[in-house]
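Step one of this worksheet: look at the structure below.
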Amino acid sequence: MALEQELLNIGVKARHLEINLAHPESPTLAMDAAEEWLGLPDVLVNNAVHSTSDGFELLDAATLDAHYAVNMRASFLLAVDFARRTKALGRIGGRIINMSSGQAWGPMPGELAYAATKGAMEAFTLSLASELAPLGITVNAVDPGATDTGWMSPQMKREWTVPSGIARFNQPSDAARIIVFLASDAARHLTGQVIHARGSAI
């Protein structure tokens with residue numbers, strides 16, 4: 001992968017794994033591979049997502065199950081596996097960073113399954129943070145707002161509002177800087193938080 005090679009070129013030890021997180025065993029396999037190749041991680045970023053359009057006329061069990069498998073089950077199992085391995089090693093500390101989508105800020109008509117399953121991430125973050133506090137593992141969520149990764153049409157950009165007054169949409173680097181902060185020692189006192197970094201657009 002291009003990202004792996006870029007990291008290797010700057011001296012970062014890196015490996016990549018292609019895996020379908022919709023399969024129940026995938027979270028364990030991913031953690032096994034990470035631990036074998038690089039050692040037990042200090043930081044887990046749950047950034048996988050499944051998203052399709054539905055709405056009340058199209059929503060069915062298969063659509064819900066597909067969203068649940070990736071957006072909830074895979075992320076939840078990765079997080080608890082990370083914590084169990086940390087505890088088994090007798091290690092204190094670690095970071096779990098979950099990606100949210102700010103469902104509490106407003107409705108997402110036509111994306112019922114996505115909104116429901118991503119919204120669950122924030123509730124999970126709060127309760128897991130409380131459980132893992134004795135292990136020194138912080139658990140936080142980041143809501144990066146509408147991020148311009150190439151999926152937004154010119155019309156969408158025109159129609160969306162910019163409540164902060166910042167006349168641009170969020171870039172991937174904006175979310176990355178917040179994740180780097182949460183993964184650092186500077187954020188050791190932050191846990192159970194949902195950081196709404198939607199400074200540009202909703």
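At a glance:
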| quantity | calculated |
| --- | --- |
| Some residue of region 62-76 being surrounded by 18 or more Cβ atoms within 10 Å (Cβ to Cβ) and among the polar types (S, T, N, Q) | yes |
| Residue in region 94-103 that is more than 25 Å from Leu21 (Cβ to Cβ), at pLDDT below 95 and not in a helix (DSSP H, G or I) present | no |
| Residue within region 15-37 that is basic (Lys, Arg), surrounded by 12 or more Cβ atoms within 10 Å (Cβ to Cβ) and in contact (Cβ under 8 Å) with a residue 40 or more places away in the chain present | no |
| Filter pass, Ala61 being touching a Leu at 6+ places or on another chain (Cβ under 8 Å) and of a type in the set (A, V, I, L, M, F, W, C) | no |
| First in region 177-196 and in contact (Cβ under 8 Å) with a residue 12 or more places away in the chain, second anywhere and of a type in the set (A, V, I, L, M) and part of a helix (DSSP H, G or I), Cβ under 7 Å, 6 or more apart | Leu190/Leu182; Thr191/Ala129; Thr191/Ala133; Gly192/Leu126; Gly192/Ala129; Ile195/Ile178 |
| Residue list for region 6-39, filter: of a type in the set (Val, Ile, Thr) and either more than 17 Å from the chain's Cα centre (by Cα) or in a helix (DSSP H, G or I) (or both) | Ile10, Val12, Thr28 |
| Residue match in region 40-60 (condition: touching a residue at least 40 places away in the same chain (Cβ under 8 Å) and in a helix (DSSP H, G or I)) | no |
| Scan of region 105-127 for residues that are in contact with an Asp or Glu (Cβ under 9 Å, 6 or more places away or on another chain) and either free of Cβ contacts under 8 Å to residues at least 60 places away in the same chain or of a type in the set (Val, Ile, Thr) (or both), ordered by number | Gly110, Leu112 |
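Residues are listed down the side, and each one gets a yes or a no for (1) touching a strand residue (DSSP E or B) at 6+ places or on another chain (Cβ under 7 Å); (2) buried (at least 22 other Cβ atoms within 10 Å of the Cβ); (3) not hydroxyl-bearing (Ser, Thr, Tyr):
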residue: Arg84; (1), (2), (3): no, no, yes
residue: Lys87; (1), (2), (3): no, no, yes
residue: Ile97; (1), (2), (3): yes, yes, yes
residue: Pro107; (1), (2), (3): no, no, yes
residue: Glu111; (1), (2), (3): no, no, yes
residue: Ala116; (1), (2), (3): no, no, yes
residue: Leu132; (1), (2), (3): yes, yes, yes
residue: Thr149; (1), (2), (3): no, no, no
residue: Pro154; (1), (2), (3): no, no, yes
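The values are calculated or read from the model by the stated rules, or taken from the named source; none is laboratory data. Only a predicted model underlies this, so the values are computations on that prediction, with no experimental measurement involved. Here the Cβ is made from the backbone with ideal geometry for all residues, glycine too, and neighbour counts use every protein chain on show.
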